[in-house]
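Report on the following structure.
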Amino acid sequence: MSIASTDHVVLPENEAVEDAPEVTFADLGLPEGVVRKLAQNGVTTPFPIQAATIPDALAGKDILGRGRTGSGKTLSFGLPTLARLAGGRTEKHKPRAVILTPTRELAMQVADALQPYGDVVGLKMKVVCGGTSMGNQIYALERGVDILVATPGRLRDIINRGACSLENVEVAVLDEADQMSDLGFLPEVTELLDQVPAGGQRMLFSATMENEISTLVKRYLSNPVTHEVDSAQGNVTTMSHHILIVKPKDKAPVTAAIASRKGRTIIFVRTQLGADRIAEQLCDSGVKADALHGGMTQGARTRVLEDFKKGYVNALVATDVAARGIHVDGIDLVLNVDPAGDHKDYLHRSGRTARAGRSGTVVSLSLPHQRRQIFRLMEDAGVDASRHIIQGAGAFDPEVAEITGARSMTEVQAESVGNAAQQAEREVAQLTKELERAQRRANELREEADRLVARIAREQGEDPEAAVAEAQAAVVAAAAEVSVPEQPAAQDVDRADRDDRGGRGFERRDDNRGGGFRRDDRGGRSFERRDDRGDRGGRSFERRDDQP
């Protein structure tokens with residue numbers, strides 16, 4: 001059936017249908033336990049696409065969802081899938097639902113978003129993607145998995161090994177279908193969907209509906225209900241687009257100034273080497289930055305994303321493929337250091353900000369010879385971008401600061417030094433507290449010792465006060481013995497330096513002359529002390545200090 005003949009509902013983003021009362025998840029027909037878990041997580045009011053999609057999905061209808069990243073699609077298809085499978089039985093190697101995603105990062109984030117609600121209804125979920133252990137994934141399938149969240153290539157490999165079958169799949173979801181097409185995964189997708197038995201529920205979500213996506217819809221969806229949240233062209237009122245035309249010599253300083261802003265920033269480049277290079281340059285400038293690209297191991301990519309989410313890293317330098325499907329809240333600026341390949345890549349990049357109705361800014365740096373290319377790209381993307389010529393920006397420009405919140409490197413360094421000073425002050429305060437505790441403990445022990453000394457004196461018929469005074473005097477004397485050692489007398493130092501008189505002396509050599517203080521293999525310093533008689537058959541002494 002053609003797309004034109006489907007039921008079509010267009011909803012303004014994050015606005016309720018006019019004159020309609022505000023709905024809650026409890027009104028949508030979801031299981032009571034799932035609704036309670038949503039409330040515990042602070043999620044009570046559904047986004048427009050969720051309010052529209054969940055009732056149709058619970059009714060078993062095929063769904064065609066159109067909306068950019070961040071509109072709330074994951075819960076739109078995930079919660080109805082959990083509700084439908086709850087209470088059923090899953091055979092080994094035969095999941096009852098499969099969710100296909102274009103990237104491993106998106107697969108993991110979908111699973112993370114849905115697993116808490118899956119636990120409520122007693123459903124097992126497993127991520128099947130490249131870069132992770134296939135053995136663990138096969139083992140999980142042997143034990144039984146209700147829902148697979150998978151990338152097409154890895155799922156096909158596991159099926160070819162005979163470890164998985166899609167013959168029992170009741171719900172099939174294709175998330176970010178346009179990205180699947182851009183990455184060339186549609187052959188694998190169609191191969192997998194052909195193995196899903198007819199008659200089940202199909203849900204497809206995509207930001208655009210181009211020819212290949214239309215073919216998927218016609219082939220696999222039966223009388224789908226279409227829900228559209230916002231335009232695929234990126235005309236979002238909460239997102240502003242800017243083009244900064246900079247000279248080649250100013251591109252790196254402007255990038256560093258923007259990356260040093262407060263808040264999370266994603267920086268897009270075209271190549272993996274470019275991502276590593278810019279991330280390293282930003283770190284050298286005092287910016288907390290890290291790179292994310294396909295050349296990294298999955299463990300490294302996961303660690304970088306976690307650091308970015310938790311705020312340990314403020315600027316994430318990413319390539320287009322690695323950043324597809326990244327769902328991180330609170331990203332309010334996207335910086336395109338290298339131009340996007342086409343308008344679709346530009347829209348995918350832009351979709352990292354202004355998520356779920358929040359405001360966001362997209363800034364593209366353009367060298368003078370790239371202006372026409374970037375202007376044409378903006379037109380194809382359907383966005384109205386303001387243009388700014390940055391003259392003599394150097395390390396910092398007020399106009400850049402006004403648009404992006406950029407900060408000068410001096411300000412960044414001042415903040416870094418201030419933070420270091422605060423940390424040192426905290427350490428001093430902590431050490432002071434520890435010293436006070438040690439002093440109190442010492443006083444308590446001294447009082448206890450005096451009490452015992454007095455008791456012993458009384459038992460022996462001696463004067464307790466005299467015994468205590470004697471013990472205290474002994475303590476004072478012992479403390480004096482462990483005081484700072486005396487400095488050597490001037491004549492001793494002079495004697496040690498007189499080697500030309502034939503007497504015994506020690507030779508001190510500094511690092512510039514090959515002796516004295518030098519570093520051993522473990523990074524520590526060693527101090528050599530030699531006797532002048534070594535060359536005359538005498539003994540030679542060497543004293544090493546391992547402390548750095």
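Once the mean 1/r over all distinct Cα pairs of segment 97-162 is inverted, what Kirkwood radius in angstroms do you read off? Let's see the in-between values first.
On the way: mean 1/r = 0.0844 Å⁻¹.
When all Cα pairs of segment 97-162 are included, the Kirkwood radius is 11.8 Å.
Residues whose amide H lies under 5 Å from that of HIS227, counting only those 5 or more places away or on a different chain, are VAL9, LEU64, GLY65, ARG66; hydrogens are built 1.01 Å from N in the peptide plane.
Restricting to Cα pairs below 8 Å that are 6+ residues apart, what does the relative contact order work out to for segment 366-480? Please round to a whole percent.
On the way: 31 pairs, mean separation 10.7, N = 115.
This gives 9 percent for segment 366-480.
Phi angles across segment 247-261 convert, under the Karplus curve 6.51 cos²θ - 1.76 cosθ + 1.60 with θ = phi - 60°, into 3J(HN,Hα) values of 7, x, 5, 9, 5, 5, x, 5, 4, 5, 5, 5, 5, 7, 4 Hz, Gly and Pro given as x. Residues ASP380, ASP182, ASP284, ASP250 ordered from highest to lowest accessible area at a 1.4 Å probe: ASP284, ASP380, ASP182, ASP250. Straightening the chain between ARG441 and THR215 buys 73.5 nm, computed as 0.36 nm per residue apart minus the Cα-Cα spacing.
Kirkwood Rh over Cα pairs of segment 67-125 into Stokes-Einstein at 4 °C, 1.567 mPa s: D in µm²/s?
Working: Rh = 12.3 Å.
The estimated diffusion coefficient comes to 105 µm²/s.
What FRET efficiency comes out for the pair ARG303/ARG143, r = Cβ-Cβ distance, R0 = 22 Å, nearest 0.05? Once rounded, the FRET efficiency stands at 0.20. Given +1 at the Cβ of Lys and Arg, -1 at the Cβ of Asp and Glu and no other charges, the dipole of segment 72-191 around its Cα centre is 460 debye to the nearest 20.
Karplus-based coupling profile of segment 456-472, in residue order and whole Hz: 4, 4, 5, 5, 9, x, 9, 7, x, 5, 5, 5, 5, 4, 5, 5, 5, with θ = phi - 60° in 6.51 cos²θ - 1.76 cosθ + 1.60 and x standing for Gly or Pro. Listed by chain and number, the lysines whose C-alpha is less than 22 Å from the C-alpha of LYS288, apart from same-chain residues fewer than 8 away, are LYS251, LYS262, LYS309, LYS310.
Annotation: amide H of ASN336 within the under-5 Å range of PHE268, VAL363, SER364, LEU365, sequence separation 5 or more or interchain, hydrogens built in the peptide plane. The order of the peptides 361-367, 55-61, 342-348 by mean Cβ neighbours within 10 Å, most packed first, is 361-367, 342-348, 55-61. If a spin label sat at a point 7 angstrom from the Cα of ALA469 along the line to its beta carbon, the backbone N atoms of segment 437-462 nearer than 15 Å would be those of 454, 462. Put the Cα centre of segment 241-320 next to the Cα centre of segment 174-217 and the gap is 32 Å.
The charge dipole of segment 147-285, taken about its Cα centre with unit charges on the Cβ atoms of Lys, Arg (+1), Asp and Glu (-1) only, comes to about 660 debye.
Normalised by the number of residues in segment 56-147, the average gap of Cα pairs under 8 Å and 6 or more apart makes the relative contact order 34 percent.
The values are calculated or read from the model by the stated rules, or taken from the named source; none is laboratory data. If you're wondering where the values come from, they're calculated on a predicted model, not measured in any experiment. FYI the Cβ positions are ideal-geometry reconstructions off the backbone, even for glycines, and counts take in every protein chain you see. These accessible areas exclude ligands, DNA and RNA; they are computed on the full protein's heavy atoms, side chains included. Shrake-Rupley method; radii C 1.70, N 1.55, O 1.52, S 1.80 Å.
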